[in-house]
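Trainee: Pasting a structure here, questions to come.
The values are calculated or read from the model by the stated rules, or taken from the named source; none is laboratory data. Here the structure is a predicted model, which is why all the values come from computation and not from measurement. Cβ placement follows ideal geometry from the backbone for every residue including glycine, while neighbour counts extend to all protein chains displayed.
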Amino acid sequence: MILRETEAIDLPTPNGPMRTHLFRPAAPGKYPGIVLYSEIFQMTGPIARTAAFLAGHGFLVAVPEIYHEFLPAGTVLAYDQAGADLGNRLKTDKELSAYDADARAVLAFLKTHAASTGKLGVMGICIGGHIAFRAAMNPEALAGVCFYPTDLHKRGLGKGMNDDSLARTAEIKGELLMVFGRQDPHIPAEGRAQVYAALAAAGTHFTWHEFNGAHAFLRDEGFRYDPEIACVAMGMAVDIFRRKLGEGDVR
């Protein structure tokens with residue numbers, strides 16, 4: 001589908017305005033909504049292209065800036081050591097409750113948007129995969145896609161690095177798609193096994209995929225990008241969202 005020009009909206013949250021980038025089909029009508037959570041670098045080129053890919057398949061896609069309370073609106077961190085260091089520091093400077101409040105704000109925004117069917121899903125990459133996992137605990141989230149969700153097995157999200165994400169797995173009522181790379185040092189085999197066990201114990205409706213890929217295999221910049229895996233994995237993401245959210249007014 002042809003897309004409209006990207007819109008930037010500042011959503012109110014308990015911790016200040018959250019710049020959110022909206023991608024949507026140009027054709028008039030109503031479409032299912034997806035919240036897309038970025039890596040620690042915020043709204044980079046690869047994240048924008050991922051959002052456009054989803055919107056091009058008939059979804060209303062909102063990309064919130066995950067560090068809005070710390071950085072000026074529109075800030076994009078570079079894919080270098082300085083950007084990684086800052087992004088990794090901020091992910092544990094931010095209160096866990098703030099991540100959850102942000103999720104509620106953007107879900108509420110998409111739920112009532114004039115171009116939304118009200119059927120919502122969440123998706124995230126790297127730290128965004130972990131945030132999407134938590135966002136999927138909201139009853140509005142009918143489907144969730146988590147690409148190599150970092151720190152989920154280590155309880156390392158948020159201030160204090162002692163999150164309760166896996167302990168709250170049973171709160172996820174929608175269907176999940178969990179996608180990992182076997183060569184990802186951030187989520188080793190024992191960590192993946194821990195996440196799988198928590199999902200199985202909670203009776204979660206989920207699909208599990210492990211590819212022979214490195215961390216950031218989805219990012220279409222840098223040497224770790226694997227376009228073969230990315231193509232298959234993004235197709236699976238579109239499939240679960242279409243099954244669980246419907247197609248809206250796709251023409």
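Trainee: Taking the options Ala237, Ala230, name whichever one is small (Gly, Ala, Ser), in contact (Cβ under 8 Å) with a residue 40 or more places away in the chain, part of a helix (DSSP H, G or I) and under 21 Å from Gly121 (Cα atoms). Steps first, answer last, please.
Mentor: Details: Ala230 fails: in contact (Cβ under 8 Å) with a residue 40 or more places away in the chain.
Going through Ala237, Ala230 in turn, the sole match is Ala237.
Trainee: List pairs: first residue in the stretch 112-136 and in contact (Cβ under 8 Å) with a residue 12 or more places away in the chain and crowded, with 24+ Cβ neighbours inside 10 Å, second residue among the basic types (Lys, Arg) and not in a strand (DSSP E or B) anywhere in the structure, Cβ distance under 7 angstrom, at least six positions apart or on different chains.
Mentor: Listed pairs, sorted by first residue: Leu120/Lys111; Gly121/Lys244; Ile127/Lys91.
Each row is one residue, and each column tells you yes or no for (1) surrounded by fewer than 21 Cβ atoms within 10 Å (Cβ to Cβ); (2) part of a loop (DSSP other than H, G, I, E, B).
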position	(1), (2)
Met1	yes, yes
Pro14	yes, yes
Pro28	yes, yes
Met43	no, yes
Arg49	yes, no
Ala52	yes, no
Val63	no, no
Pro72	yes, yes
Leu77	no, yes
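Trainee: Taking the condition of being surrounded by 18 or more Cβ atoms within 10 Å (Cβ to Cβ), over 23 Å from Tyr225 (Cβ atoms) and of a type outside the set (Val, Ile, Thr), how many residues in the stretch 30-41 meet it?
Mentor: 3
Trainee: In addition: Assuming Ser165 fulfils every condition listed in (1) crowded, with 19+ Cβ neighbours inside 10 Å; (2) more than 23 Å from Ser38 (Cβ to Cβ); (3) among the small types (Gly, Ala, Ser) apart from one, which condition is it?
Mentor: That leaves (2) as the condition not met.
Trainee: Here's something else I'd like to know. Within the group Ala8, Ala73, Ala26, Ala48, which residue is among the hydrophobic types (A, V, I, L, M, F, W, C) and either over 24 Å from Ala98 (Cα atoms) or at pLDDT below 95 (or both)?
Mentor: Working: Ala8 fails: either over 24 Å from Ala98 (Cα atoms) or at pLDDT below 95 (or both); Ala73 fails: either over 24 Å from Ala98 (Cα atoms) or at pLDDT below 95 (or both); Ala48 fails: either over 24 Å from Ala98 (Cα atoms) or at pLDDT below 95 (or both).
Result of the check over Ala8, Ala73, Ala26, Ala48: Ala26.
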